[in-house]
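**Q** What follows is a structure written as C-alpha cells; I'll ask about it next.
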Amino acid sequence: MKKTAAALARHALEQLGITHTFGIPGVHNTELYDELGASPSITPVLVAHEVGASFGADAMSRVGASIGCCLIVPAAGVTHAASGIAEAHLDGIPMLVIAGGVRNDTGHKYQLHAMDQHALLKPITKATFTVETHEAVIPTLYEAYRIAVSGVPGPVFVEIPVNLQLIAGEVASLPAWDAAWPAPPAPDADAIERAARLLSASRNPGLFVGWGAREATAEIARIAELLGAPVATTLQGLSVFPATHRLHAGMGYSIAAVPAATKAFADCDAMLAVGLRFAEIPTGSFGAAVPAKLVHIDIDEQVIGANHPPAVGIVADARAALAALVPALERALGGSARDGKGVAAQIQADKAAYRAEWLAHQGEGVNPQVFFDALRRHLPDDGIVVTDDGNHTFLAAELMPIHAPKGFICPTDFNAMGYCVPAVNAAKLARPEAVVVGIVGDGALLMTGMEAITAAANRLGVVYFVFADGELSQIAQAQEIPYNRKTCAVLGTLDVAGLAQATGCGCLRMERGEEADAVVKEALARAALGEPMFVDVRIDYSKRTRFTQGAVKTNLKRFDTPTKLRFIGRALWRKVTG
C-alpha cells in the first residue's frame, strides 16, 4: 500500500495514545497538521510560540495519562522550543518532539530552515532520529516513544523530511503498537534487607523523596509510619507526599527549608532518599547535611553516589523497591511500628508557628500567607497548582499545602521562566475534570503570557494568579542582600487587565488580604463556566522566604574571608551612602 509519512505518523501517534499535540503549523509540517485535523483521537493545539508548545507537552506528561507531544517546524520552531525540551530533559519528563525537515530528495543546499537540528538537540534529549523512508516512520516513532518513557524518562526528537510527508511511498503494513511492557527488574533482595536493617537500627531516621517516587505515595507513608520518621520532599516532588499527613515536614530540610523540616531533620542519623538526585534547589544550594547512613534508591544508576556516597545504593523503580522494603522493615522492627507522635506533634507546632509568623508580618499589599490560605480553602484536594520560576515558586512551596499526587508542577532543574501559563493550559487539557490554577510572577508572565489566548480559544476554565510587584523578585532580593541595589531587575508597568482583554480572558484584581477569599472564590467560579481568568494580585514580597535567606547564607559561607568581607563591606557602604 502507498501512504504519506504524514498519514503514517498519524497512525503511529493514534496507536501510542497521544491525545494532544502542541505547536504551530509551517511549510514543513502542514501535511502532518492536515492529517491530525482529521484524527478522531488527537487534538492539535495551536500555541502562540513554540516554547509554549514544549512547556505544554511537559505539563501534559506530568499530570496526564498520555505523554506530551510537540509538533513544530524545523529550525526556528526547534530553537524556540529548546527551553522546554531542556526542562523536560533535566527534570526527567517524557516527551515526543516531532519536526518537519528539509527535502532530502533534491540535493539542493541552502534550503529554507536547513540546519543540523540533531547537533542542537543532542545534549537535551535522550535520542534523536531522522526518518529516511516511509517504511521507517511508524517503527521510528514507536522506538522514540519507548525510549522517552523507559528508564529515566525524557524527550526524544524525530525529524520527518517534508517530501516524505507530501509524497506517498510504499509500505508493507500499518503495524500496531505493542503496549505490553516487561516488568521493571526486581530490586536487589540483599540490598533491600541491608537497607531495612540500617533504617530500623537508627534513632532518628528521615525520608527525603522526589518526583521519581510519585507513584509510591502509599509505600512512603507506610515506611514513614513504621519508622515514626519525618518526610521531606524536593521542589519537583512537592506533591509526592501529602501535606495532610502528620509526618509531612516540607520541601527540603536544610537551613533553606521551613522550620518544621529543618528541626525535624536536625538530628537525622539515617536517611532513606528515593527518586531524587540531591540537586541544588532541594538541598538549599547544596547546604543540606546528608548522614553517612544513607539508603539511596533511584532508577538512574548514575545518580547513586553522584553527590553523596550511600551506605546502601539501590538501582530500581521506586515503587518496586519501596514495596519490597515495607515487609523487610516490618520484619526488622519485629512487626510493630515506632511511636511517631512526638515527631508529628513537633512538626505541626513548627508549621503553625511559621504560618503565624507570616500572618503577623505587616507589609503593603496582599500577605502571601493570607493568599495561600484562601486558595487552599477553595481549591479541591485534587486541584492542580502550577507555578513558574521565581519568588512565588518558593512562597508556594513553603505556604501552600499540596494534598494529592501530581497536584503541583513547576520547572525545577533547568528552571526556565515562562513555564506557567502554557503548562496550566496543557494541564487542563490533560485533566479537564480538575481545577487547574497557575501562580506566575509578572516577570515570567511577560515571557509567555500571550499563551492565554490558547486557553480562551479552547474555552479552558483556568485561573492565572499573577503575583505582581514590578520586579524580578527572586533576583531582586538576591541582589539586594549582597549588593544593596537592584540592576536590571525592575520591570516596566504591566497592565494585567489589558493583557486579559487582549487574549480574551476575564480579569479580577486583589489589592488587600481582606479581598482574598472573595476574589479567589469568584475567579474559580467563573473558570468553572469555561472562562479563563487572570487575577492581578498585588502581592507583598517584603518578607523573604526561608529558601532565599538560607541559600544566600549557604553560598556566603563558601566564600573565603576576603571575598566575604568584600561582599559585606560593599553592601554596608552602599546602605550608608544610599
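**Q** Compute the projected area of the convex hull of the Cα atoms of region 2-86, averaged over all viewing directions, and report it in nm² to one decimal place. Kindly include the intermediate steps, with their values, before the conclusion.
**A** Numbers: hull surface 21.8 nm².
Its Cα hull, projected and averaged over all orientations, spans 5.5 nm².
**Q** May I ask you to list the lysines whose Cα is less than 28 Å away from that of Lys109, ignoring any residue fewer than eight positions away on the same chain?
**A** Within the straight-line limit of under 28 Å, Lys109 reaches these lysines: Lys3, Lys122.
**Q** Straight-line reach from Lys486: which aspartates and glutamates have Cα under 19 Å away, leaving out those fewer than 8 places along the same chain?
**A** In chain and number order, the partners are Asp389, Asp442, Asp469, Glu471, Asp540.
**Q** Could you pull out every residue, at least 5 positions away or on a different chain, whose amide H is within less than 5 Å of the one on Ala270? Hs are placed 1.01 Å off N in the peptide plane, and Pro or chain starts have none.
**A** Asn204, Gly206
**Q** How big is region 440-578 along each principal axis, measuring the range of its Cα positions in Å and listing the largest first?
**A** Reported extents, whole Å, longest axis first: 60, 28, 28.
**Q** So, one more: With all distinct Cα pairs included, what does the Kirkwood hydrodynamic radius of region 2-170 come out to in Å, to one decimal, could you say? Present the calculation step by step, with values, prior to reporting the outcome.
**A** Details: mean 1/r = 0.0653 Å⁻¹.
When all Cα pairs of region 2-170 are included, the Kirkwood radius is 15.3 Å.
**Q** May I ask what percent, to the nearest 5, of DSSP beta bridges between residues of region 2-170 are antiparallel?
**A** Values: 2 of 24 bridges.
Among the beta bridges of region 2-170, antiparallel pairing accounts for roughly 10 percent.
**Q** I'd like the distance separating the alpha-carbon centroids of region 515-562 and region 216-287, in whole Å.
**A** Cα centroid to Cα centroid, the span is 21 Å.
**Q** What list of whole percents do you get for P(r) of region 206-307, with Cα-Cα distances grouped in 10 Å bins up to the one holding the largest distance?
**A** 17, 57, 25, 1
**Q** Would you mind calculating the relative contact order of the chain from Cα pairs under 8 angstrom and at least 6 residues apart, reporting the percent as a whole number? Display every interim value, and only then the final one.
**A** Details: 1305 pairs, mean separation 76.1, N = 578.
The value is 13 percent.
**Q** Can I ask one more? Can you tell me the alpha carbon radius of gyration of region 242-377 divided by the globular rule-of-thumb value 2.2 N^0.38 Å?
**A** The reported ratio for this selection is 1.24.
**Q** Among Lys263/Lys557; Lys406/Lys521; Lys293/Lys564; Lys341/Lys521, which pairs are too far apart, with a Cα-Cα distance over 28 Å? Walk me through the intermediate numbers first.
**A** Numbers: Lys263/Lys557 20 Å; Lys406/Lys521 23 Å; Lys293/Lys564 33 Å; Lys341/Lys521 36 Å.
Beyond 28 Å between Cα atoms: Lys293/Lys564; Lys341/Lys521.
**Q** Another question about this same structure. Considering only DSSP states other than H, G, I, E and B, which trypsin sites (Lys or Arg not before Pro) in region 157-251 qualify as loop sites with at most 16 other Cβ atoms within 10 Å? Please report the intermediate quantities before stating the final value.
**A** Values: sites: Arg194, Arg197, Arg203, Arg214, Arg222, Arg246; in loops: Arg203, Arg214, Arg246.
Sites meeting the loop and neighbour criteria: Arg203, Arg246.
**Q** How high is the relative contact order of region 361-547? Use alpha-carbon pairs under 8 Å, at least six apart in sequence, and give a whole percent.
**A** 27
**Q** Let me ask you something else. What percentages, rounded to whole numbers, describe P(r) for the chain computed over all alpha carbon pairs with 20 Å bin width beginning at zero?
**A** Reading the bins upward from 0: 20, 50, 27, 2, 0.
**Q** What Kirkwood hydrodynamic radius, in Å, does region 361-547 give when the mean of 1/r is taken over all pairs of distinct Cα atoms and then inverted?
**A** Working: mean 1/r = 0.0615 Å⁻¹.
It works out to 16.3 Å.
Values quoted throughout were computed directly from the atomic coordinates according to the rules given, and no laboratory measurement underlies them. The model shown is predicted, which means the values in this text are computed figures rather than measured ones. Cβ: placed from backbone, ideal geometry, glycine included. Neighbour counts: every protein chain shown.
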